[in-house]
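Written out below as structure tokens is the structure these notes cover.
Each reported figure results from applying straightforward, stated rules to the coordinates on display, with no laboratory input. Quick caveat: nothing in here was measured; it's all calculated off a predicted structure. Note that we place each Cβ from the backbone using ideal geometry, even for glycine, and neighbour counts take in every protein chain shown.
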Amino acid sequence: MSRVGKKPVALPKGVTAKVDGQNVSVKGAKGELFFVVPDEVDVSFANDEVKVSPRSDSKRAQAMWGMSRAMVSNLVLGVSAGFERKLDITGVGYKASVQGKVLQLSLGYSHDVPFPIPDGITIVTPRPIEIIITGIDKRKVGQVASEIRALRPPEPYKGKGVRYSDEFIFRKEGKKK
């Protein structure tokens with residue numbers, strides 16, 4: 001039994017959900033999102049709650065049950081509050097700036113790295129060494145953050161590079177003389 005799947009997803013004020021077969025669409029103050037639930041799972045909407053239940057006792061149905069409930073919960077959170085990911089840049093001369101729909105990154109290469117900002121994502125740089133990525137789709141926010149981090153991942157000796165603000169970098173000791 002899925003502990004996550006058992007809990008119904010409550011809708012806060014200002015958020016409406018519509019279940020049409022296997023399609024779940026959620027609309028709120030920040031926008032509208034939808035998710036197609038796998039066939040192994042049944043979705044119902046009643047009393048301002050979205051309930052997810054498995055159609056069989058198979059292992060795949062149990063796995064899809066918890067995943068589908070978590071996805072619907074992320075839709076509700078996204079349209080009501082949104083998601084945010086912070087990145088920190090460490091290194092001499094490393095910096096970032098937003099110019100229109102492009103994030104310009106100076107990461108120690110011989111050239112600046114332009115990163116086009118996708119639709120539905122907002123990127124701000126309150127300081128040149130801090131990047132804040134916001135949006136209503138949790139997967140898209142996380143994907144954009146990981147793509148920016150992959151441009152210069154943190155290295156273990158000096159910690160230079162782009163890292164998540166809550167990430168811990170295991171440091172290695174340098175060479176001995």
inquiry  = Helix-only estimate, please: 222 nm mean residue ellipticity of the chain, summing -39500 (n - 2.57) across DSSP H runs of length 4 or more and dividing by its residues, to the nearest 500.
reply    = -7000 deg cm²/dmol
query = Gain in length, R127 to S97, computed as 0.36 nm per residue apart minus the alpha-carbon separation, to one decimal in nm?
reply = 9.9 nm
query = Going by average Cβ neighbours within 10 Å, how do the peptides 102-114, 24-36 rank, with the highest at the top?
reply = 24-36, 102-114
message = If you average the C-alpha positions of the range 131-161 and of the range 36-72 separately, how far apart do those two centres end up, in angstrom?
response = 31
ask   = Against the longest alpha carbon principal axis of the chain, how many degrees, from 0 to 90 and to the nearest 10, is the axis of helix 59-80 turned?
value = 70
request  = Step through the residues of the range 13-24 one at a time and calculate ³J(HN,Hα) from phi using the Karplus curve (6.51 cos²θ - 1.76 cosθ + 1.60, θ = phi - 60°), rounding each to whole Hz and writing x for Gly and Pro.
outcome  = 4, x, 10, 10, 10, 9, 10, 10, x, 9, 9, 10
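Rounded if a/c is under 1.5, else prolate if a/b beats b/c, else oblate: with a ≥ b ≥ c from the C-alpha gyration tensor eigenvalues square-rooted, which is the range 3-80?
prolate
What's the exposure ranking of D57, D42, D137, going from fewest to most Cβ atoms within 10 Å?
In increasing order of surrounding Cβ atoms, one gets D57, D42, D137.
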task = Work out from phi, with θ = phi - 60° and the Karplus expression 6.51 cos²θ - 1.76 cosθ + 1.60, the ³J(HN,Hα) of each residue of the range 168-174, listed in order in whole Hz, and give x for Gly and Pro.
result = 9, 9, 6, 8, 9, 7, x
request  = Hey, can you grab everything whose amide H is under 5 Å from the amide H of D42? Only 5+ residues off in sequence or another chain; H modelled, so Pro and N-termini drop out.
outcome  = S53, R55
note = log10 I(q)/I(0) for the range 105-177, Debye formula on C-alpha points only (no solvent), q = 0.14, 0.25 Å⁻¹, two decimals, reads -0.52, -1.29
Least to most buried among R163, R171 (fewest other Cβ within 10 Å first) = R171, R163
Neighbour-count ranking [beta-carbon atoms within 10 angstrom, fewest first] of I89, I117 = I117, I89
Percentage relative contact order, the range 8-115, counting C-alpha pairs under 8 Å, at least six apart = 21
request  = For helix 138-151, report the angle its Cα long axis makes with the longest principal axis of the Cα atoms of the chain; keep it between 0 and 90° and round to the nearest 10°.
outcome  = 20
query = So which of K138/K160; K7/K51; K86/K160; K7/K138; K95/K140 end up more than 18 Å apart by C-alpha?
reply = K138/K160; K7/K138; K95/K140
